[in-house]
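To start, the structure itself, in structure tokens.
The values are calculated or read from the model by the stated rules, or taken from the named source; none is laboratory data. Predicted model only: the values in this text are computed from it and were never measured. Using ideal geometry, Cβ is built from the backbone for each residue, glycine included, and neighbour counts are taken over all protein chains shown. Note: accessible area is taken over every heavy atom of the protein model, side chains too, but ligands, DNA and RNA are not part of it. Shrake-Rupley method; radii C 1.70, N 1.55, O 1.52, S 1.80 Å.
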Amino acid sequence: MENWIAEFMEQFGYIGIFLLIALENVFPPIPSEVILTFGGFMTTYTNMTVVGVIIAATLGSVLGAVILYGAGYILNVDRLEAIIDKWGKYLRLKKEDIRKADAWFDKYGYWTVLFCRMIPLIRSLISIPAGMAKMKFGLFLLFTTIGTLIWNIILVSVGAAVGGSWEKIVEFMDVYSNIAYAVIGAGIVIFLIWFIRRWKKAS
């Protein structure tokens with residue numbers, strides 16, 4: 001996949017970066033680390049600039065985030081509550097659980113969006129609960145853009161600085177990603193344990 005990404009970016013330049021990053025946000029398995037660091041490297045042997053790559057990547061990332069926000073907005077809390085009314089007894093969930101989660105996101109959601117934009121996989125998916133919580137769109141865009149800019153500036157700048165050694169940065173980011181995935185996996189396991197215990201008590 002890395003070779004295909006590199007060839008696509010070399011062929012289409014800024015537009016290629018914009019499209020790939022937008023797709024990466026909607027389809028997280030595409031590695032933004034490769035796109036951004038290679039984009040930084042491209043500034044060392046093409047007429048592309050670090051600022052230009054960062055702008056293209058940020059616009060693409062925000063577009064992808066808006067698409068997922070819209071998906072979450074359509075699948076809103078009211079629809080979830082309707083699903084819980086019908087299937088909640090099998091899932092051991094109540095509408096109150098949804099309301100509590102929604103209230104938590106209303107309270108901490110903006111900062112969650114900001115910081116999660118710098119965590120692999122989660123950086124894309126966080127837009128869905130933001131839409132479901134009907135987070136104010138202007139503030140969602142602001143915090144999404146800030147978090148995305150930080151992520152993009154770091155990786156593009158590093159890619160430009162290391163030049164041909166950009167793949168070593170990707171290897172380092174793979175380690176970071178694996179740690180993030182491990183933490184996410186542990187969180188899922190903890191949730192499942194909590195859910196099973198709750199289900200047993202309810203039984």
The residue that is farthest from the chain's Cα centre (by Cα), considering only those in the stretch 10-45 that are open to solvent by 50 Å² or more (accessible area, probe 1.4 Å) and β-branched (Val, Ile, Thr), is Thr44
On the given criteria, is Thr144 assigned to a helix (DSSP H, G or I), in contact with a Ser or Thr (Cβ under 9 Å, 6 or more places away or on another chain), open to solvent by less than 40 Å² (accessible area, probe 1.4 Å) and modelled with pLDDT of 80 or more? yes
Quick one: how many residues across the stretch 125-135 are in a helix (DSSP H, G or I) and open to solvent by 40 Å² or more (accessible area, probe 1.4 Å)? 3
Starting from the stretch 132-148, take each residue that is more than 21 Å from Ile55 (Cα to Cα) and list its partners that are surrounded by 16 or more Cβ atoms within 10 Å (Cβ to Cβ) and not aliphatic (A, V, I, L, M), counting only C-beta distances under 6 angstrom and pairs at least six apart or across chains. Met132/Gly72; Ala133/Asp102; Ala133/Phe105; Ala133/Gly109; Met135/Gly109
Only unsatisfied item for Gly138, checking (1) modelled with pLDDT under 90; (2) assigned to a helix (DSSP H, G or I), is (1)
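Residue by residue, here is whether (1) aliphatic (A, V, I, L, M); (2) assigned to a helix (DSSP H, G or I); (3) in contact with a strand residue (DSSP E or B) (Cβ under 9 Å, 6 or more places away or on another chain); (4) modelled with pLDDT of 80 or more holds:
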| site | (1), (2), (3), (4) |
| --- | --- |
| Lys107 | no, yes, no, no |
| Val113 | yes, yes, no, yes |
| Ile119 | yes, no, no, no |
| Arg123 | no, yes, no, no |
| Ile150 | yes, yes, no, yes |
| Gly159 | no, yes, no, yes |
| Glu167 | no, yes, no, no |
| Tyr176 | no, yes, no, no |
| Gly185 | no, yes, no, no |
